[in-house]
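Worksheet for the structure shown next.
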Amino acid sequence: MKTGIIGARGVGKTTVFHALTGLAPIPGQADARNRGRPGQIKVPDPRLDFLEATYGSKKKVEIELTVIDYAPNPKEQKEGAALDPSLLPLIRDVDALLIVIPEFEGNRVDLVKAVESVEAELVFADFEQSERRLERLKKEKGQVDFERGALQKCLKWLEEGKPLRVLELTAQEIQAFASFGLLSRKPALVVVNCSEDQAKVDLTDAEKAALKARDLDSFRLAAAFESELWDLDTDSQREMLREAGLEAPARDRLIAAVFRHLGLMTFYTAGEPEAHAWSLRRGASALEAAGRIHSDIARGFIRAEVVGYEDFAELRSDAKVKEAGKLRLEGKDYIMRDGDIIHIRFKV
């Protein structure tokens, strides 16, 4: 999963990046063509730790969340502008966006207006892209009527200033736009970069309503405070978090927020060679889970052997799971559940 950090100048985007990843900007990543500075956050998972220990796995593979900070371009992003326009093509391939809004001493803005300004840039970029595509379709022959109609539907919505993530699209329409990287369709979290004493302050009802109307979620982060945690040992980190009234560091809370907002869950493959955690959208099938592991496994899918994590944790071995009748044989249409441990039989 890749998330891109965006926002106006001076809102603390790089401080947020450091708070989440512990990484300073990577040298050599700020050239004109590749301005992204990635950092990986491994998703803490006690269930995966248990599977690794129980199976005696030689390798453990956690789910990773990649957070990308982007090098600024002062020539493109003017003071007070919501976004750097040269950044827009770079964020088309990310899975989600982190929209940073400042709420710290010396830089406090109206959250709703700031979000609306960022969204307006995303909507306008999508409008221009969709309009260009529609113009090209006018010159093409063949089966383009469906795409033309879908684009006209989107353009009408975008013309009203509304993001595409709140436009109801059919599965066929979503598939037609899959390669477009439409920005206002991307799931997004509003990261409120606040001072330490404001880290647990909730949004107002009006702010919540405004974000909900755009299908946005929020996440509060005292970025400057959390950045300092990386210089401390584990015990000192816990003490600082406790004094601040926070149960976990920002990276852990962000992961939970991203999973919740993107509608994701976790399933596992486990054995002596490797214990592996995989992310999957809620409601996905066993066939889609197979595709997450490897396209060949999905192509040759025969059946899935599935046991729920709670059952395995209680019985602690494959043999006992089978004896207790907890191992289920499922077909490709089986709807996966959070915590499922799966072994797929396949032939290609």
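The values are calculated or read from the model by the stated rules, or taken from the named source; none is laboratory data. The structure presented is a predicted model; accordingly, all values stated were derived computationally and were not measured. Backbone-built Cβ (ideal geometry, glycine too); neighbour counts: all protein chains shown. Note: accessible area is taken over every heavy atom of the protein model, side chains too, but ligands, DNA and RNA are not part of it. Shrake-Rupley method; radii C 1.70, N 1.55, O 1.52, S 1.80 Å.
Descriptive notes on the structure:
- Full extension of the chain segment joining residue 201 with residue 343 gains 46.7 nm, where the gain is 0.36 nm per residue of separation less the Cα-Cα distance.
- Peptides 275-281, 170-176 ranked from most to least packed by the mean count of surrounding Cβ atoms within 10 Å: 275-281, 170-176.
- Shape analysis of the stretch 88-187 based on the Cα gyration tensor places the equivalent ellipsoid semi-axes at 30, 13, 12 Å, largest first.
- Aspartates and glutamates with Cα under 16 Å of residue 59, excluding same-chain neighbours fewer than 8 positions away: 45, 49, 272, 274
- Calculated FRET efficiency, residue 299 to residue 107, Cβ-Cβ distance, R0 = 45 Å: about 0.30 to the nearest 0.05.
- The equivalent ellipsoid that matches the C-alpha gyration tensor of the chain spans semi-axes of 36, 30, 18 angstrom, in descending order.
- FRET efficiency for residue 178 and residue 314, using Cβ-Cβ distance with R0 set to 41 Å, rounded to 0.05: 0.50
- Model label zone, residue 138; criterion: amide N under 16 Å from point 7 Å along Cα-to-beta-carbon; scope the stretch 151-174: 151-153, 155-156
- Taking 139, 326, 59 in turn, the Gaussian network model of the chain (Cα-Cα springs below 10 Å) assigns the largest fluctuation to 139.
- For the chain, the solvent-accessible area works out to 52 Å² per residue, with a probe of 1.4 Å and every protein chain left in place.
- Taking 21 Å as the straight-line reach from the Cα of residue 347, the lysines in range (excluding those fewer than 8 positions away in the same chain) are 332.
- Share of carbon and sulfur in the accessible area of the stretch 41-185 stands at 50%, probe radius 1.4 Å.
- The mean sequence distance of close C-alpha pairs (under 8 Å, at least 6 residues apart), as a share of the length of the chain, puts its relative contact order at 19 percent.
- Highest-MSF residue in the chain out of 234, 269, 14 [GNM, Cα springs under 10 Å]: 234
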